[in-house]
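To start, the structure itself, in structure tokens.
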Amino acid sequence: FDEVGVDAVVRDHYRHRDLVRTGLKAMGLELLIKDDAIASPAVTAVKCPEGIDPAKLRKLLLEKFNIVIAGGQGKFSTSTFRVGHLGAVQDMDLIAAISGLEMVLKIMGADISLGQGVRAMEEALLAE
């Protein structure tokens, strides 16, 4: 933090937000906050696809790939999950998380095309 400065850290939080949102949108998932300009640089809330239990999704993602995502809060606790992208996280950590999410959603029967989210994230990184 002290080595790179506050501005660089904050810039990375917004970059990571945009990267995760790019991957999730490419997967066809619906984001709770639609407007990228006001979306949190800390966490992205995602609506679970029809028929997918977010608690089971989180449990399977942890068991199969050791990836932790958060549950939704309040009235959204049974319909959403949250992907964190704040702190000591690297681009490849986020790509791995989206890859695991794609696979677990596919296992659970969601209409997901494997690789769509990861590909969009990779293309975004290469375009920087």
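Structure notes:
- Among the chymotrypsin sites (Phe, Trp or Tyr not before Pro) within region 1-65, those in coil by DSSP and having at most 11 neighbouring Cβ atoms inside 10 Å are Phe1.
- For Lys34, a cut-off of 14 angstrom between C-alpha atoms picks up these aspartates and glutamates, skipping any fewer than 8 places away in its own chain: Asp18.
- Spacing of the two label points (7 Å from each Cα toward its C-beta) at Gln90 and Phe65, in nm: 1.8
- Panel note: the C-alpha atoms of the chain, placed on their principal axes, show extents of 44, 32, 28 Å (largest first).
- Net charge, Leu114 excluded, C-beta distance under 11 Å - Lys, Arg +1, Asp, Glu -1: +1
- FRET efficiency for Lys75 and Leu114, using Cβ-Cβ distance with R0 set to 35 Å, rounded to 0.05: 0.65
- A Cβ-based charge dipole, computed about the Cα centre of the chain with Lys and Arg at +1 and Asp and Glu at -1, lands at about 600 debye.
None of the figures in this text is laboratory data; all of them are computed from the coordinates on show. Fair warning: this is a prediction, and the values are worked out from it, not measured in the lab. No Cβ is skipped: glycine too gets one built from the backbone with ideal geometry, and neighbour counts run over all protein chains shown.
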